[in-house]
Amino acid sequence: MKRAARIDPRLKVALLSVFAIILIFLFYSIFVEPRSISVTRLSIEGAPAKVVFLADLHIRDSNADYIRSVVEKVNSLNPDIVLISGDFILSNAKDLEHLGLLSQLKGRKYAVLGNHDYFSSINLAGSRMKVSEKKEANFSVQGYNVSSMDDGLYSSQMGDDVKQRLEEAGFRVLKNEYEIIDSGGRRTLILGLDDCWAGKTNLPSNLPEADYSIYLLHEPECIADWDYNLMLAGHTHGGQIVFPIIGAPQSLFGMYSFSGMLVDEPNKKAYVTRGVGSYPMFFGIADMRFNCPPEIVLING
Ligand SMILES: [Fe+2]
């Protein structure tokens, strides 16, 4: 009788160890990190006090309770101003019904829309298409033109619906528009740029004089060297899954995955947040983050 081939005990241990590491990785990145939100405090000279900045909430049925807890956490910081740089929803008109919970946020609230709010390139194939469309765009200050990104494959109606729900929740939604606010006796310009992946970004001309200017734009890859003091962007989710040494797998597809201080000059900063929500993975089943936890950004708080 033939004896069954025996697996080398050392190989057995190695395989079991790899299996255990994969299980721990999946458990942690699905059930722990996507909800482990913390406050990133930034001290920025000249910027108004107690500004909370968020992006990429991606509100939907599966994370509405989490977003409700984020709203409570933001309110506990007593913000004067709340700024949100797009991607309020994920990919479904049904997501709109959850936007009402943002009415609970304290402070003066301003927002711009992101690509998901227009249903513009919300999957991997669409994202890759943007990588090539972007090559035709002009990101110089003088000749700024992102019309090549306007492939018509989005829903302006959805953008209008998100805007309306946000206005009902107390937001001013800025679509290539601005407002001057008084912050501690200083004139602060808050300018919101409309979504770049939908080809709608356009800087208004003849901007008024202000003591300080904050620009909001969803996609950091579309930032030009404009005359702002503080630019606040999201969109990248910081890569969402970031392996040590290797970095974010999403950058293998040509997608931008940066987070943190993109421009850091004495009177000119651009910050890209890792965001609040997550893009679901495993065929849309599970939120996943690794080495890239969600964040609430508190400026001068
Ligand atoms: Fe997003």
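The values are calculated or read from the model by the stated rules, or taken from the named source; none is laboratory data. What you see is a predicted model, and the numbers here were worked out from it, not measured in a lab. Cβ placement follows ideal geometry from the backbone for every residue including glycine, while neighbour counts extend to all protein chains displayed.
Sort out which residues of segment 92-112 are touching a residue at least 60 places away in the same chain (Cβ under 8 Å) and either of a type in the set (Gly, Ala, Ser) or surrounded by fewer than 16 Cβ atoms within 10 Å (Cβ to Cβ) (or both), and write them in order of number. Result: ALA93, GLY100, SER103, ALA111. For the subset of segment 282-301 comprising residues that are of a type in the set (A, V, I, L, M) and touching a residue at least 40 places away in the same chain (Cβ under 8 Å), which member is farthest from GLU33 (Cα to Cα)? Of everything passing the filter in segment 282-301, ILE299 is farthest from GLU33 (Cα to Cα). Counting the residues of segment 171-192 that are touching a residue at least 60 places away in the same chain (Cβ under 8 Å) and within 20 Å of the chain's Cα centre (by Cα) gives 7. A single member of VAL71, VAL32 is more than 28 Å from ARG187 (Cβ to Cβ) and in contact with a Leu (Cβ under 7 Å, 6 or more places away or on another chain), and it is VAL71.
With more than 16 Å from the ligand (Cβ to nearest atom), more than 19 Å from the chain's Cα centre (by Cα) and over 18 Å from VAL242 (Cβ atoms) as the only criterion, which of ARG41, ARG10 stands out? It is ARG10.
Answer yes or no: is there a residue in segment 20-35 that is surrounded by 12 or more Cβ atoms within 10 Å (Cβ to Cβ), closer than 16 Å to ASP287 by Cα and in contact with a Ser or Thr (Cβ under 7 Å, 6 or more places away or on another chain). Steps first, please.
Our first condition is that a residue be surrounded by 12 or more Cβ atoms within 10 Å (Cβ to Cβ); within segment 20-35, this holds for 25-26, 28-35.
Subset that is closer than 16 Å to ASP287 by Cα: 25-26, 28-35.
Now drop any that are not in contact with a Ser or Thr (Cβ under 7 Å, 6 or more places away or on another chain), which leaves 34.
Yes, there is a match, as at least one residue in segment 20-35 is surrounded by 12 or more Cβ atoms within 10 Å (Cβ to Cβ), closer than 16 Å to ASP287 by Cα and in contact with a Ser or Thr (Cβ under 7 Å, 6 or more places away or on another chain).
Per the listing ILE89, ILE81, the residue uniquely surrounded by 15 or more Cβ atoms within 10 Å (Cβ to Cβ), in contact with an Asp or Glu (Cβ under 6 Å, 6 or more places away or on another chain) and not aromatic (Phe, Trp, Tyr) is ILE89.
Just so you know, in segment 233-249 the residues that are loosely packed, with under 14 Cβ neighbours inside 10 Å and not β-branched (Val, Ile, Thr) include one that is farthest from SER29 (Cα to Cα), and it is PRO244.
When we screen ASP264, ASP195, ASP225 for residues that are acidic (Asp, Glu), within 16 Å of the ligand (Cβ to nearest atom) and either within 20 Å of the chain's Cα centre (by Cα) or modelled with pLDDT of 95 or more (or both), the only hit is ASP195. Scanning segment 103-125 for residues that are over 15 Å from the mean Cα position of the chain (by Cα), within 16 Å of the ligand (Cβ to nearest atom) and of a type in the set (A, V, I, L, M) yields one hit, LEU124.
Residue by residue, here is whether (1) at pLDDT below 95; (2) out of contact with any helix residue (DSSP H, G or I) (no Cβ under 7 Å at 6 or more places or on another chain) holds:
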site: VAL141; (1), (2): no, yes
site: ASP150; (1), (2): yes, yes
site: LEU166; (1), (2): no, no
site: GLU177; (1), (2): no, yes
site: GLY185; (1), (2): yes, yes
site: LEU207; (1), (2): no, yes
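The sole residue among LEU262, LEU230, LEU217 that is among the aliphatic types (A, V, I, L, M), surrounded by fewer than 22 Cβ atoms within 10 Å (Cβ to Cβ) and farther than 17 Å from PRO34 by Cα is LEU262.
Name the residue that is nearest to the ligand (Cβ to nearest atom), counting only residues in segment 79-102 that are among the acidic types (Asp, Glu) and closer than 22 Å to GLU219 by Cα. Only one residue tops the list, namely ASP87. Of the set (1) more than 16 Å from the ligand (Cβ to nearest atom); (2) touching a Phe, Trp or Tyr at 6+ places or on another chain (Cβ under 8 Å), all apply to ILE245 but (2).
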